[in-house]
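Visitor: The structure follows.
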Amino acid sequence: MQSYTASKQDMKLSDKQSVLKSFVAGSCSGTVTTILFQPLDLIKTRLQSRITPQLGAPSTGMVDIAIYIVRNDNVFGLWKGITPSLIRVVPGVGLYFASLHWLKNAFHLREPLNSLQALTLGITARSMAGVVLIPITVVKTRFESGIYKYCGMREALHVIWKYEGTKGLVCGLVPTLFRDAPFSGLYLLFYTQCKKAIPQEYRIANNTATVHFTCGLLAGLFASVITQPADVIKTRMQLYPHEFKTLYSSFLSIYQQQGCLGYFQGIVPRLLRRTLMSAMAWTIYEEVTGK
């Protein structure tokens with residue numbers, strides 16, 4: 001009996017350590033990828049703004065915006081908004097991987113996950129992280145846009161709270177969840193199915209990191225394209241909360257102003273960032289956790 005109790009306690013301790021290891025691995029991967037790909041996120045946000053104030057004209061292209069930023073703010077201007085990005089992504093990725101690991105253990109799921117399990121787990125884990133971090137997401141988007149002239153994170157949160165209240169701190173939550181939750185669910189679905197499709201002998205013969213990275217790139221590509229419209233709507237609602245008040249009205253407004261192509265503004269930098277970021281994050285996570 002004592003042996004059984006001790007064994008059960010050891011299992012609980014092991015589970016806690018595994019969740020902590022998943023959190024640390026996810027946070028480390030989030031830090032590296034966020035710093036590397038912040039310029040792409042900033043350019044994507046500028047492209048999704050209807051007007052790029054610094055250019056004084058409708059948003060042009062990736063190269064034009066990048067050149068303008070470098071000329072006016074030097075090369076470090078491309079990393080504007082890195083602080084809220086790190087504050088959001090690092091614990092966000094950590095929370096996501098920790099939640100994913102906890103959910104797998106809580107429901108006694110074992111690898112490889114089937115399609116429904118992968119989709120459900122990805123959506124649930126990302127939703128949990130997304131709700132907690134939505135105020136930081138709002139600040140991050142506004143910093144990157146160049147429209148708002150906040151001096152720092154504390155001032156941004158204070159100003160939003162003072163003039164917009166709780167609604168301002170959580171604006172764009174619905175499209176953010178419609179973007180992040182399906183992205184994570186679809187990503188995990190595509191990622192696990194891609195790994196299954198690779199012959200076992202090929203995986204054994206080749207570097208596991210290469211396999212993980214390739215599967216991550218493909219999964220990120222498919223998931224990014226599908227969730228791009230929600231990303232555009234999220235950006236508009238967080239930048240222009242008095243005009244884009246609801247998900248439905250924002251959806252209609254974008255269509256009336258720009259047609260179907262409006263839902264895919266900024267897709268190139270987002271595709272580059274999300275696919276590379278997700279592939280690197282999962283590769284680092286799987287290598288660290290020994291999956």
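The values are calculated or read from the model by the stated rules, or taken from the named source; none is laboratory data. All figures in this text were calculated on a predicted structure; none of them were measured in a lab. Here the Cβ is made from the backbone with ideal geometry for all residues, glycine too, and neighbour counts use every protein chain on show.
Visitor: Give me the pairs, please: first residue somewhere in region 134-145 and within 13 Å of residue 82 (Cβ to Cβ) and touching a residue at least 60 places away in the same chain (Cβ under 8 Å), second residue anywhere and basic (Lys, Arg) and crowded, with 23+ Cβ neighbours inside 10 Å, beta-carbon distance under 8 Å, and either six or more positions apart or on two chains.
Guide: From region 134-145, the pairs are 144/46.
Visitor: Could I ask something else about it? Residue 233 versus (1) within 30 Å of residue 213 (Cβ to Cβ); (2) of a type in the set (Val, Ile, Thr); (3) buried (at least 17 other Cβ atoms within 10 Å of the Cβ): which is the lone unmet condition?
Guide: All conditions are met except number (1).
Visitor: Another question about this same structure. Filter region 163-179 for residues that are among the β-branched types (Val, Ile, Thr) and assigned to a helix (DSSP H, G or I); which is surrounded by the most Cβ atoms within 10 Å (Cβ to Cβ)?
Guide: Per the stated criteria, the residue is 176.
Visitor: For a quick check of your reading of the model, give me the residue pairs whose first member lies in region 260-276 and is touching a residue at least 40 places away in the same chain (Cβ under 8 Å) and surrounded by 20 or more Cβ atoms within 10 Å (Cβ to Cβ), whose second is polar (S, T, N, Q) and not in a helix (DSSP H, G or I), with beta-carbon atoms closer than 8 Å and at least 6 apart or on different chains.
Guide: 265/59
Visitor: Separate question: Give just the number: which of (1) surrounded by fewer than 23 Cβ atoms within 10 Å (Cβ to Cβ); (2) under 30 Å from residue 145 (Cα atoms); (3) modelled with pLDDT under 90; (4) of a type in the set (A, V, I, L, M, F, W, C) does residue 198 not satisfy?
Guide: Result: residue 198 passes all but (2).
Visitor: If you don't mind, there's one more thing I want to ask. Which residues, taken from region 236-252, are assigned to a loop (DSSP other than H, G, I, E, B) and surrounded by fewer than 22 Cβ atoms within 10 Å (Cβ to Cβ)?
Guide: 240, 241, 242, 243, 245, 246 - these are the residues of region 236-252 that are assigned to a loop (DSSP other than H, G, I, E, B) and surrounded by fewer than 22 Cβ atoms within 10 Å (Cβ to Cβ).
Visitor: Condition check: assigned to a helix (DSSP H, G or I), in contact (Cβ under 8 Å) with a residue 24 or more places away in the chain, touching a Gly at 6+ places or on another chain (Cβ under 9 Å) and surrounded by 12 or more Cβ atoms within 10 Å (Cβ to Cβ). Does residue 192 satisfy that?
Guide: Values: assigned to a helix (DSSP H, G or I): yes; in contact (Cβ under 8 Å) with a residue 24 or more places away in the chain: yes; touching a Gly at 6+ places or on another chain (Cβ under 9 Å): no; surrounded by 12 or more Cβ atoms within 10 Å (Cβ to Cβ): yes.
No; evaluated as a whole, the condition is false for this residue.
Visitor: Across region 93-150, which residue is modelled with the lowest pLDDT among those that are buried (at least 17 other Cβ atoms within 10 Å of the Cβ), aliphatic (A, V, I, L, M) and not in a helix (DSSP H, G or I)?
Guide: So, considering only residues that are buried (at least 17 other Cβ atoms within 10 Å of the Cβ), aliphatic (A, V, I, L, M) and not in a helix (DSSP H, G or I), the one modelled with the lowest pLDDT is 113.
Visitor: Could you list, in sequence order, all residues of region 45-67 that are touching a helix residue (DSSP H, G or I) at 6+ places or on another chain (Cβ under 7 Å), over 12 Å from residue 146 (Cα atoms) and modelled with pLDDT under 70?
Guide: Answer for region 45-67, where residues must be touching a helix residue (DSSP H, G or I) at 6+ places or on another chain (Cβ under 7 Å), over 12 Å from residue 146 (Cα atoms) and modelled with pLDDT under 70: just 59.
Visitor: Out of all the residues in region 253-271, which are assigned to a loop (DSSP other than H, G, I, E, B) and in contact with a helix residue (DSSP H, G or I) (Cβ under 7 Å, 6 or more places away or on another chain)?
Guide: 265, 266 - these are the residues of region 253-271 that are assigned to a loop (DSSP other than H, G, I, E, B) and in contact with a helix residue (DSSP H, G or I) (Cβ under 7 Å, 6 or more places away or on another chain).
Visitor: I would also like to ask the following. Given 169, 157, 173, 186, which one is within 16 Å of the chain's Cα centre (by Cα), closer than 17 Å to residue 137 by Cα and in contact (Cβ under 8 Å) with a residue 12 or more places away in the chain?
Guide: None of the other options fit; the residue is 173.
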